[in-house]
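Each remark here refers to the structure printed beneath this line.
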Amino acid sequence: MTTPSFRESILRHLTYSFGKDPDHAILEDWRMALSLGVRDRIVDAWFKSTKRTYDTGAKRVYYLSMEYLIGRLLEDGLVNLELVDEAREVLSEFGYDYDTVLADEPDAALGNGGLGRLAACFMESLSTIGCPAHGYGIRYEHGLFRQSFVDGRQIEQPELWLGQRHAWEFERPEVRYRIGFGGHVDVRDGHHRWHPGEEVEAEAFDTPTVGWKGRWANTLRLWSGRAIHPFDLDAFNHGDFARAAAPEALARTISRVLYPDDTTEQGRELRLKQEYFLTASALRDILRRFSNQFGDLRKLPEKVAIQLNDTHPAIAGPELIRILVDEKGFDFDEAMEIAQGCLSYTNHTLLPEALEAWGEQLFGRLLPRHIGIIDRIDATHAGRNPSRTQSMRADHSVKMGQLSFVMAHKVNGVSALHTDLMKTTVFSELHGLHPDRIVNQTNGVTPRRWLLSCNPGLAGLITDSIGEGWVDDLEQLSKLEPFIDDAGWLEKFDAVKRDNKVWLSNWMQGTYGMLADPDALFDVQIKRIHEYKRQHLNILETIALWQEMRENPNADWTPRLKLFGGKAAPGYFFAKDIIRLINDAASVINNDPVTQGMLKIAFLPNYNVSLAERMIPAADLSEQVSTAGKEASGTGNMKLALNGAPTIGTLDGANVEIRERVGADNFFLFGMTADEVMERRAVDGHAGLAIAADERLKGALGLIRSGRFSPGDPDRYRGITENLEGPDYFLVCSDFTDYWRAQREVDVVFRDDKAWDRMAALNTARSGWFSSDRTIRGYMADIWDAESLL
Ligand code: NBG
């Protein structure tokens, strides 16, 4: 039975918010009306949460992140408010299919990959737990580019998530801050005053984020850039219409695109401006809220916890000091202490190229006061730690990692291994000076999105078996273990996976005309394309396997579908070559009559959150094959394990902890450890040695070099083959042989239905620890000193 109020609310919105009656409403109208119906209920929870936070005077958490990879929000709301069945009923009453309506919503792709998706999972978990929190970010007009393939090559097109009406946000024209750049600094009687040369306005847009069962809702506040004087009337009156609109265009550039290309000086400048724009607006907002409620700024650390999601908002330290010293009259040391009490920093990568360092010229030009403050922070830190050798102001640059570390009271890694490596590599000196500062908070994923809503079949089976307590207490999945010994139950588990595979196959056929056999092993690698993630290791193994199948077509092969998804950064040519190689190999291998029914490759374009939600429930095998020591954590690995796909992987990032929990027998381990990787790199000609020792690898590389996959253009992949045969920094060749061995082990187990199902089900039953609820509770206890208000 439909609760009249939800049905009525949808119809009311259709009529009064969109001016349509059911007979004339189009798909988008229905989606919007449904969304507003859901949003109304979220708002109720939101008001209650806000009021309770004020009334209790509780500490608030502020998450500062340049990225939120949100995906769609309608299903999230419906699932968390338990309105799915009612929505389905109402829509079908008017002849609309629930899934079609949901799929009409554009993905909010305000992020690149794991870091942004983690921020989105955290927002949901913070609300589920009832921790008072605000996420701050940028409302990019264009999120991550839309990817398509032409002749196998990646083509990037702008993404238009705001091209349609957006249901979830509230514009807050009254919440605006002026953010300055450039200009100069006056010093009078030792007192500094910054006079920016240029200013833009940041305007707030709020999206309420609701937690499980609508018990709590927090705010995601995204800033949009606007001109202070949007229109140059004088220019207009002189007929110069382009110049008249220029101020607005310039200001809007700041929130126009996610991650502008940083290969040009202009691109880098814009990026730094974005980082300051986000951070400065957030801090002003935080201080305004704090001052209204509590007043005394010395109490800031008691009531405010600010988490820096990577170094991108690292300017928060100097900016907070600037406000306290220049505007509020604090002395420097006290200001620094207050800032450190509030701030904490999450490191997400050890890759040197991803550790931000800004040239001091650019930095000093854009933020002339801040560079002086950073020098003072550095000098203060050096003075207190005389043995220190590394400065945050070395090599004519500003090192944001060091700055973040020094300004934070806690610094966390995102998996156990990553945290240990932080201590011994990038932050070894700082760790020696501050041995209690680095803590570990292994990443997690929200089970509401990554199991309950993306995999209703499995979620249903779990709830039928152990009740619904697992949804916000994921460790209850361990109660499934006894069921796994029951052959009947295991068959049901297998049937769910098969249904998901059939669904994905049909969808792939309908959407891309790709044929996929649901009986094949769905071998899935989905993530950003990067050399360290080694999609090229996977495709080399695929090519070698193809060769072996051709030589021995009558052997008992396990049919495989190699599924790929992921985007390459537009300027990362090597990664784009990897994409093209996979697609080229697909066109040759998929058309080979000899290996028909045995091996197939499918690279699904435009990988995003929604595509992940389709692929993960249908995956049999999870590829987590990064060079050990390089993947900070991974979160796709957790989603896949949770959905019953055992991992083939290296001892890297959170794979280590996944293997510990699911058990070594239920994980296909291969490859060198992080220590062995270091040793191996020191071996002269390691790639050549590995190739000489492995005929299959030699054959696969030879085929690529011969132009087998690029007929008429044999040089197309010289960049890849020469890299692999030469420096091979990511040790693809050295790990190949063991990867091949592990893959053949997969073949054997997969042919034994029962053994495979058991392994898959144990992965689900033992992945409960990887909930982002657990991660957030860890941050609350060890970093923020924050409490749940539920
Ligand atoms: C990424 C890591 C992943 C990790 C996510 C979330 C960056 C800079 N880092 O391994 O590569 O899972 O962060 O922590 O995007």
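Output the number of residues of segment 29-40 satisfying the condition of being surrounded by 21 or more Cβ atoms within 10 Å (Cβ to Cβ) and farther than 12 Å from SER17 by Cα.
3
Please specify each residue of segment 412-445 satisfying the condition of being touching a Leu at 6+ places or on another chain (Cβ under 8 Å) and either closer than 25 Å to ILE321 by Cα or hydroxyl-bearing (Ser, Thr, Tyr) (or both).
If the condition is that a residue be touching a Leu at 6+ places or on another chain (Cβ under 8 Å) and either closer than 25 Å to ILE321 by Cα or hydroxyl-bearing (Ser, Thr, Tyr) (or both), then THR425, ARG437 are the ones that fit.
Quick one: in segment 384-428, of everything that is of a type in the set (Ser, Thr, Tyr) and over 30 Å from PHE770 (Cα atoms), which residue is nearest to the ligand (Cβ to nearest atom)?
Within segment 384-428, the match that is nearest to the ligand (Cβ to nearest atom) is SER397.
If I filter segment 250-290 down to residues being among the hydroxyl-bearing types (Ser, Thr, Tyr) and surrounded by fewer than 18 Cβ atoms within 10 Å (Cβ to Cβ), which single residue comes out as modelled with the highest pLDDT? Give the derivation first.
Here is the first cut: in segment 250-290, the ones among the hydroxyl-bearing types (Ser, Thr, Tyr) are 253, 255, 259, 263-264, 276, 279, 281.
Next, only the ones that are surrounded by fewer than 18 Cβ atoms within 10 Å (Cβ to Cβ) stay: 253, 263-264.
Numbers: THR253: 91, THR263: 58, THR264: 61.
Among those that are among the hydroxyl-bearing types (Ser, Thr, Tyr) and surrounded by fewer than 18 Cβ atoms within 10 Å (Cβ to Cβ), it is THR253.
Need the failing condition index for ASP485 against (1) under 19 Å from ALA645 (Cα atoms); (2) within 16 Å of the ligand (Cβ to nearest atom); (3) out of contact with any helix residue (DSSP H, G or I) (no Cβ under 8 Å at 6 or more places or on another chain), just the number.
Of the numbered conditions (1) under 19 Å from ALA645 (Cα atoms); (2) within 16 Å of the ligand (Cβ to nearest atom); (3) out of contact with any helix residue (DSSP H, G or I) (no Cβ under 8 Å at 6 or more places or on another chain), the odd one out for ASP485 is (2).
Within segment 337-394, which residues are at pLDDT 95 or above, farther than 24 Å from GLY190 by Cα and of a type in the set (D, E, K, R)?
ARG388
Does any residue in segment 384-398 that is within 19 Å of ILE315 (Cβ to Cβ) come within less than 7 Å, Cβ to Cβ, of a residue that is in a loop (DSSP other than H, G, I, E, B) six or more places away or on a different chain, and which pairs are these?
Short answer, once both residue conditions are applied: VAL398/MET392.
Please find, among ALA641, ALA628, the residue that is away from the ligand (no atom under 13 Å from the Cβ), under 25 Å from ASN412 (Cα atoms) and either in contact (Cβ under 8 Å) with a residue 60 or more places away in the chain or of a type in the set (Gly, Ala, Ser) (or both).
ALA641
Can you name the residue in segment 150-172 that is of a type in the set (Phe, Trp, Tyr) and in a loop (DSSP other than H, G, I, E, B) and, of all such residues, is surrounded by the fewest Cβ atoms within 10 Å (Cβ to Cβ)?
Among them, the one singled out is TRP161.
Considering only segment 471-530, state which residues are outside any helix (DSSP H, G or I), in contact (Cβ under 8 Å) with a residue 60 or more places away in the chain and of a type in the set (Val, Ile, Thr).
Of everything in segment 471-530, those that are outside any helix (DSSP H, G or I), in contact (Cβ under 8 Å) with a residue 60 or more places away in the chain and of a type in the set (Val, Ile, Thr) turn out to be VAL524, ILE526.
More than 22 Å from GLY457 (Cβ to Cβ) and of a type in the set (Gly, Ala, Ser): does that describe ALA585?
Yes, satisfied.
Just to be sure I understand, how many residues within segment 667-704 are part of a helix (DSSP H, G or I) and within 26 Å of LEU421 (Cα to Cα)?
Counting residues in segment 667-704 that are part of a helix (DSSP H, G or I) and within 26 Å of LEU421 (Cα to Cα) gives 10.
Return only the number of the condition from (1) within 26 Å of MET672 (Cα to Cα); (2) in contact with a helix residue (DSSP H, G or I) (Cβ under 7 Å, 6 or more places away or on another chain); (3) surrounded by fewer than 16 Cβ atoms within 10 Å (Cβ to Cβ) that ASN763 does not satisfy.
(3)
Read through the list (1) in contact with a helix residue (DSSP H, G or I) (Cβ under 8 Å, 6 or more places away or on another chain); (2) part of a helix (DSSP H, G or I); (3) surrounded by fewer than 19 Cβ atoms within 10 Å (Cβ to Cβ), then give the number of the only condition that TYR729 fails.
Against the list (1) in contact with a helix residue (DSSP H, G or I) (Cβ under 8 Å, 6 or more places away or on another chain); (2) part of a helix (DSSP H, G or I); (3) surrounded by fewer than 19 Cβ atoms within 10 Å (Cβ to Cβ), TYR729 comes up short only on (2).
With the condition kept exactly as written, say whether any residue in segment 533-541 is β-branched (Val, Ile, Thr) and surrounded by fewer than 21 Cβ atoms within 10 Å (Cβ to Cβ).
no
What pairs come up if the first residue lies in segment 95-116 and is under 24 Å from TYR68 (Cα atoms), the second is among the β-branched types (Val, Ile, Thr) and within 16 Å of the ligand (Cβ to nearest atom), and their beta carbons are under 6 Å apart, counting only those six or more places apart or on different chains?
These pairs meet every condition: ASP107/VAL609; ALA108/ILE70; GLY114/THR635.
Does ALA459 count as in contact with a Leu (Cβ under 6 Å, 6 or more places away or on another chain), farther than 21 Å from THR446 by Cα and either surrounded by 14 or more Cβ atoms within 10 Å (Cβ to Cβ) or not charged (D, E, K, R) (or both)?
no
Give the residue, chosen from ASN637, ASN606, that is out of contact with any His (no Cβ under 9 Å at 6 or more places or on another chain) and surrounded by fewer than 24 Cβ atoms within 10 Å (Cβ to Cβ).
Sole residue among the options that is out of contact with any His (no Cβ under 9 Å at 6 or more places or on another chain) and surrounded by fewer than 24 Cβ atoms within 10 Å (Cβ to Cβ): ASN606.
Quick one: would you say GLY457 is part of a helix (DSSP H, G or I) and farther than 30 Å from ALA602 by Cα?
no
Within the bounds of segment 190-203, is there any residue that is on the phi > 0 side of the Ramachandran plot and either surrounded by fewer than 20 Cβ atoms within 10 Å (Cβ to Cβ) or under 24 Å from the mean Cα position of the chain (by Cα) (or both)?
yes
Determine whether LEU451 is surrounded by 24 or more Cβ atoms within 10 Å (Cβ to Cβ), among the hydrophobic types (A, V, I, L, M, F, W, C) and away from the ligand (no atom under 16 Å from the Cβ). Steps first, answer last, please.
Working: surrounded by 24 or more Cβ atoms within 10 Å (Cβ to Cβ): yes; among the hydrophobic types (A, V, I, L, M, F, W, C): yes; away from the ligand (no atom under 16 Å from the Cβ): yes.
In short, yes.
So that you can scan it fast, the table gives a plain yes or no per residue for (1) out of contact with any strand residue (DSSP E or B) (no Cβ under 7 Å at 6 or more places or on another chain); (2) closer than 28 Å to GLY130 by Cα; (3) part of a helix (DSSP H, G or I):
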| position | (1), (2), (3) |
| --- | --- |
| PHE6 | yes, yes, yes |
| SER9 | yes, yes, yes |
| HIS13 | yes, no, yes |
| ASP23 | yes, no, no |
| GLY37 | yes, yes, yes |
| ASP40 | yes, yes, yes |
| VAL43 | no, yes, yes |
| TRP46 | no, yes, yes |
| LYS51 | yes, yes, yes |
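Within segment 70-95, can you find the residues that are buried (at least 20 other Cβ atoms within 10 Å of the Cβ), of a type outside the set (Val, Ile, Thr) and farther than 21 Å from GLY211 by Cβ?
Passing the criteria: only LEU91.
Just name the residue that is surrounded by the most Cβ atoms within 10 Å (Cβ to Cβ) out of those in segment 609-634 that are of a type in the set (Ser, Thr, Tyr) and more than 26 Å from TRP161 (Cα to Cα).
SER622
Looking at ASN385, ASN412, which one is polar (S, T, N, Q) and surrounded by 22 or more Cβ atoms within 10 Å (Cβ to Cβ)?
Details: ASN385 fails: surrounded by 22 or more Cβ atoms within 10 Å (Cβ to Cβ).
Just one listed residue meets the conditions, ASN412.
Considering only segment 566-579, I want to know if a residue exists there that is among the basic types (Lys, Arg) and buried (at least 24 other Cβ atoms within 10 Å of the Cβ).
Scanning segment 566-579, I find at least one residue that is among the basic types (Lys, Arg) and buried (at least 24 other Cβ atoms within 10 Å of the Cβ), so the answer is yes.
If we keep just the residues of segment 482-516 that are of a type in the set (Asp, Glu) and farther than 15 Å from LEU621 by Cα, which is surrounded by the fewest Cβ atoms within 10 Å (Cβ to Cβ)?
Among them, the one singled out is ASP485.
Just a yes or no: is a residue in segment 114-131 away from the ligand (no atom under 16 Å from the Cβ) and more than 30 Å from VAL304 (Cα to Cα)?
no
Looking at segment 316-375, which of the residues that are more than 16 Å from the ligand (Cβ to nearest atom) and among the β-branched types (Val, Ile, Thr) is farthest from GLU302 (Cα to Cα)?
For segment 316-375, the residue satisfying everything is ILE371.
The values are calculated or read from the model by the stated rules, or taken from the named source; none is laboratory data. Just so you know, these numbers come straight off a predicted model, no measurement behind them. Heads up, the Cβs are rebuilt from the backbone with ideal geometry, glycines too, and the neighbour counts pull from every protein chain shown.
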